[in-house]
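Structure first, commentary second.
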Amino acid sequence: MLRGRESLIRLVGKRRRFLPTRQSILSTPIQSPLNLCTDKDGKFASIESSEASSTVDSSDTRNKMEDFEDMCLSSKSAKKRKLTQRTLLQMNFCSQSESGHIGNDLLLASCDENIGRNDNHVLDNFKGVEENDSVLSNSVLHLKSASQIQIDGVSKNPNYGNNTDDAMIDRHSISVKNEASNTNNCCDVQTTLDDISGVILETFIVGRKFSDEKEINDRAGILLQRDPHNVKDPNAIKVISAHSNDSKVFGFVPRELAQYLSPLIEKYCLSFEGHVTVVPKHTLDAVPIQIFCHKTLSNEMLEDDNVELFRYLWRNVQQVIGSTKHGRSGTAKYQQNFCVLVQEVLKNNLHLFLDDEKGFLESFNSFSDDSQRLFVRLYTRKGPWFRMSNVFYSEILDLAKAIKELSASGYFCSFEDSNELLYDDMNYILNLLNVSELREIMCLLKQSYNFGTRKRELIASLLSSYKDSGVCSTLPSTCVKISSKAELLLWRAERLFFLNGEQDLSSFLLADLGIIKYPTYNCVITEQIFSNRNALLAYEEAIEVAQMIDQALDENDNELVLRCIKISESRMCNAKATETSMSETMVTPLTCFSASLVYSKVLTLGTSFLERERRYNEAINLLKRLLECFTCDGRRGYWILRLSIDLEHIGYHDESLSVAESGLLDTWVRAGSRMALQRRVLRLGKPPRRWKTPSFANLVKRKINEVHVQGRPLNSVIGLKSRFYGEDDKQCGVEQLALQYYAGEGGGWHGIHTESGIWLTIFGLLMWDVMFSDVPNVFRNRFQTAPLDLETDSFYLVRKSSIESHLQKIHDGMAEEFLITSWELHTGTACRGVNWNRHTLSELRAAVVCIGGPCLALLCRHLAQDYRSWSRGMPDLLLWRFNGDFTGEAKLVEVKGPRDKLSEQQRAWLLLLMDCGFNTEAIQAEGFASKVQV
């Protein structure tokens with residue numbers, strides 16, 4: 001795989017069904033000094049080939065084809081298997097008896113087993129209320145500007161805990177002024193404090209198992225009281241008795257309602273009271289109540305911004321109440337999660353959406369349950385076209401009505417709504433037909449075919465006819481797809497919520513099912529990732545270019561690859577110049593979400609592509625552009641190294657040496673890249689080019705201890721992994737052969753083949769509290785396994801005092817205690833680098849004890865300072881053995897097979913570990929006389 005391809009794939013994540021700005025990106029004239037061209041066969045050429053124009057003819061054949069497709073796609077007698085397979089979306093997440101544990105522990109609120117707010121009892125005498133009486137309360141995330149959000153457990157940093165609700169209110173007050181009104185909203189935009197005074201709201205008391213009073217009487221008077229110190233929800237509202245002297249707590253208002261009522265109570269001084277309407281059969285069931293509000297603030301005292309915010313909050317209160325009335329409390333979990341995602345994105349990123357886009361997304365909440373469920377079902381499927389006669393889901397009662405509602409609202413696109421049908425669309429639709437239907441179309445078109453012709457060949461023949469027949473005007477209404485607007489906005493919503501392309505709605509399900517348990521941390525947000533809409537749109541376009549080059553490499557489309565390189569090169573520096581918020585001295589977490597960084601990844605991959613094609617001059621120009629635009633970047637070492645190598649390829653040895661020498665003066669050149677440049681300087685800087693020996697010569701030429709082990713090889717094929725017969729006459733790899741040697745004649749060592757795995761696991765466990773401490777803007781949602789700045793310099797600089805204090809304790813011998821504590825408290829919790837299944841606690845304890853505190857502290861410091869550079873290339877084997885006095889020793893070994901040699905990163909690690917006091921060596925397994933190349 002080309003260097004940089006893997007990083008680009010992770011950045012793009014799940015490929016989008018369509019790229020909305022693809023045509024405009026490719027058609028925009030490019031001003032670039034690069035001369036990257038191919039001929040009509042895809043080979044490199046010096047002059048860019050002209051694009052052939054195509055003409056489209058109309059034909060009666062096309063109309064016949066459409067008419068028959070309409071009959072086939074709408075036919076109820078079609079025998080194609082219905083889409084009823086079980087997926088994650090259909091699975092029951094937990095039984096009623098287990099939901100109190102799994103649901104509270106693993107859903108988005110990360111609720112504790114012993115502290116919670118959700119009930120899981122059924123109201124037998126009320127329609128629409130099912131097992132979870134507060135369906136959204138598990139999933140609503142409370143991300144607040146300049147405030148501390150408690151996700152799980154008690155806050156550890158009170159400095160961020162002041163005025164949390166005010167911070168949320170100020171956040172909304174900035175952006176809700178321009179929010180478009182929705183005609184489906186229950187609350188008119190001119191609502192005032194006088195209008196809501198005395199308005200009756202129907203809701204429930206939840207969290208009954210945490211109440212002070214288990215028994216409750218019919219028509220009992222109640223009051224609502226804020227509970228800002230609630231460890232599970234800073235927006236919590238208690239329901240207390242209106243008549244008891246000690247204000248006994250009956251329970252809580254549902255979380256999804258409390259998030260809007262709490263700022264109304266605090267900022268607008270509203271008070272709510274009411275009574276119980278019906279006493280449920282079971283004491284722990286949700287209790288239906290009616291509440292009404294009293295105002296203590298006049299309309300004249302409200303400022304304009306406060307009025308807009310007030311209307312926004314009250315409208316959402318009405319929507320939550322309305323959804324509960326219509327049985328929304330019984331919504332499917334996947335439906336609920338989707339609504340939460342959209343709501344949270346709108347709440348925290350209103351400034352990034354236009355009024356019509358906000359109205360479009362908000363309208364989803366007003367859809368019927370059937371419409372919401374159908375949309376989420378199809379959105380998470382591959383698609384893009386779906387034949388509705390083959391779609392069946394048991395929880396969707398009226399499919400036709402749901403299709404009609406989604407089509408009318410613009411979420412679905414059917415043939416009737418389309419003015420034209422693209423070639424790719426027709427390809428998808430034809431694939432929905434079975435072979436007999438395709439054959440009938442062929443007969444209708446009077447085209448010949450053999451009875452044994454396969455479906456693939458029939459489709460190819462029909463597409464050939466379609467390509468020459470022009471633009472279509474009708475499409476079967478029973479065949480629909482997600483509209484391009486819905487695709488775009490929901491892709492954007494997922495990207496803004498998860499902040500990566502690898503996670504999607506399935507992350508909710510995996511957490512709900514308990515398959516993945518995310519760590520506990522506080523989301524402290526003081527700065528927006530995208531300061532304005534233009535920055536977001538530029539980032540999205542850059543992601544599209546990245547996906548285009550990735551797809552072009554898969555399809556061996558060299559012309560498109562070169563086009564993407566030129567586009568990225570022309571846009572990169574312009575994007576960099578506009579990103580004024582970017583730090584000039586260090587890479588921050590927000591840097592990762594810039595268009596310029598995406599383009600730099602495309603050009604890094606493009607450099608590897610050009611080098612593979614031996615286009616060294618163009619690769620040199622790209623590398624120079626990258627180094628010019630990014631003066632503070634950890635990739636500068638790799639770029640400078642490749643620039644020096646490429647200059648040598650074209651015969652510029654003096655320039656190559658000068659580049660390597662200047663690179664060693666760059667503070668951003670680190671780890672393996674620095675080692676490689678030092679070795680190049682020593683190799684190229686011999687007399688007469690350079691007479692003076694560099695000061696680092698002795699350090700680079702240090703001898704790494706070498707060991708050789710003989711084995712009976714099974715294969716000696718270059719490019720294949722070496723296999724040997726071990727000491728037990730069984731087949732094994734080179735690492736297992738080395739472990740057998742060290743366990744026997746090599747000194748009686750115990751050990752494991754680990755490479756970087758065990759070290760990253762030890763680092764994660766030892767530094768757990770530091771990684772998940774309260775630092776602003778590094779945790780944005782409940783689905784992160786590491787802070788956003790882990791692979792940047794800011795990780796160490798921002799936490800320097802706490803890291804050094806923690807490392808001192810490790811140095812003093814507390815590593816094993818930290819290890820055991822983290823293992824017992826967090827076993828199974830997802831954390832970057834930590835592999836719970838590969839290593840046992842006993843192995844980790846043995847490694848920590850034998851390595852010793854001083855060496856561990858130095859190792860953890862290097863990873864904290866530059867996790868990106870030092871998290872790869874570690875030695876293959878970790879060996880240990882205990883002495884009789886309860887002490888031990890450890891050895892780190894890099895294993896090489898025949899004809900292998902140490903990489904620069906591996907050499908850098910071995911020399912670093914030697915400096916840290918580790919016992920290190922390199923071992924080579926050989927079946928014939930050979931020597932490890934160091």
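Give the residues of the range 535-555 that are without any contact (Cβ under 8 Å) to a residue 40 or more places away in the chain and open to solvent by 10 Å² or more (accessible area, probe 1.4 Å), sorted by residue number.
537, 554, 555
Mind checking whether some residue in the range 607-617 is closer than 22 Å to residue 546 by Cα, open to solvent by less than 20 Å² (accessible area, probe 1.4 Å) and hydroxyl-bearing (Ser, Thr, Tyr)?
Yes; the residues of the range 607-617 include at least one that is closer than 22 Å to residue 546 by Cα, open to solvent by less than 20 Å² (accessible area, probe 1.4 Å) and hydroxyl-bearing (Ser, Thr, Tyr).
Provide a single number: the residues in the range 646-684 that are charged (D, E, K, R) and under 22 Å from residue 632 (Cβ atoms).
Residues that pass the stated criteria total 4.
Within the range 329-379, how many residues turn out to be modelled with pLDDT of 90 or more and not in a helix (DSSP H, G or I)?
Of the residues in the range 329-379, 5 are modelled with pLDDT of 90 or more and not in a helix (DSSP H, G or I).
Report yes if some residue within the range 291-309 is under 27 Å from residue 489 (Cβ atoms), modelled with pLDDT under 90 and open to solvent by less than 40 Å² (accessible area, probe 1.4 Å); otherwise report no.
For the range 291-309, residues under 27 Å from residue 489 (Cβ atoms), modelled with pLDDT under 90 and open to solvent by less than 40 Å² (accessible area, probe 1.4 Å): present.
Can you pull out every residue in the range 424-444 that is open to solvent by less than 20 Å² (accessible area, probe 1.4 Å) and not in a helix (DSSP H, G or I)?
Passing the criteria: only 433.
Where in the range 687-779 are the helices (runs of 4 or more DSSP H), entirely inside, with at least 2 residues that are open to solvent by 30 Å² or more (accessible area, probe 1.4 Å)?
By residue number, 697-700, 734-743.
Consider only pairs whose beta carbons are under 6 Å apart and that are at least six residues apart or on different chains; among these, list those whose first residue lies in the range 725-754 and is modelled with pLDDT under 85 and whose second residue is buried (at least 17 other Cβ atoms within 10 Å of the Cβ) and of a type in the set (A, V, I, L, M).
726/737; 754/878
Could you pull out the residue among 683, 712, 670 that is in contact (Cβ under 8 Å) with a residue 24 or more places away in the chain and assigned by the TED database to the domain that holds residue 655?
670
Please find, within the range 786-805, the residue that is farthest from residue 495 (Cα to Cα) out of those that are assigned to a loop (DSSP other than H, G, I, E, B) and open to solvent by less than 40 Å² (accessible area, probe 1.4 Å).
Among residues in the range 786-805 that are assigned to a loop (DSSP other than H, G, I, E, B) and open to solvent by less than 40 Å² (accessible area, probe 1.4 Å), the one farthest from residue 495 (Cα to Cα) is 799.
Considering 654, 633, which residue is in a loop (DSSP other than H, G, I, E, B) and surrounded by fewer than 22 Cβ atoms within 10 Å (Cβ to Cβ)?
The unique qualifying residue is 633.
Might you check whether a residue that is at pLDDT 90 or above, open to solvent by 40 Å² or more (accessible area, probe 1.4 Å), among the acidic types (Asp, Glu) and not in a loop (DSSP other than H, G, I, E, B) occurs anywhere in the range 556-569?
yes
Read through the list (1) within 14 Å of residue 757 (Cα to Cα); (2) in a helix (DSSP H, G or I); (3) of a type outside the set (Gly, Ala, Ser), then give the number of the only condition that residue 850 fails.
(1)
Restricting the search to the range 238-273, which residues are open to solvent by 20 Å² or more (accessible area, probe 1.4 Å) and small (Gly, Ala, Ser)?
Correct list: 242, 244, 247, 271.
Considering only residues that are closer than 30 Å to residue 768 by Cβ, among the hydrophobic types (A, V, I, L, M, F, W, C) and in a loop (DSSP other than H, G, I, E, B), which ones fall in the range 513-555?
Listed by number, the residues that qualify are 513, 515, 516, 529.
Quick one: how many residues across the range 806-843 are part of a loop (DSSP other than H, G, I, E, B) and either in contact with an Asp or Glu (Cβ under 8 Å, 6 or more places away or on another chain) or of a type outside the set (Ser, Thr, Tyr) (or both)?
Result for the range 806-843: 11.
Can you find, within the range 656-685, the residue that is nearest to residue 626 (Cα to Cα) among those that are β-branched (Val, Ile, Thr) and at pLDDT below 95?
Filtering the range 656-685 for residues that are β-branched (Val, Ile, Thr) and at pLDDT below 95, the one nearest to residue 626 (Cα to Cα) comes out as 669.
Out of (1) at pLDDT 90 or above; (2) surrounded by 17 or more Cβ atoms within 10 Å (Cβ to Cβ), the odd one out for residue 475 is which?
(1)
The values are calculated or read from the model by the stated rules, or taken from the named source; none is laboratory data. Note that this is a predicted model, so its numbers are computed, not measured. A quick note on method: Cβ atoms are made from the backbone with ideal geometry, for glycine too, and the neighbour counts reach across all protein chains shown. Surface areas here come from the heavy atoms of the whole protein model, side chains and all, with no ligands, DNA or RNA. Shrake-Rupley method; radii C 1.70, N 1.55, O 1.52, S 1.80 Å.
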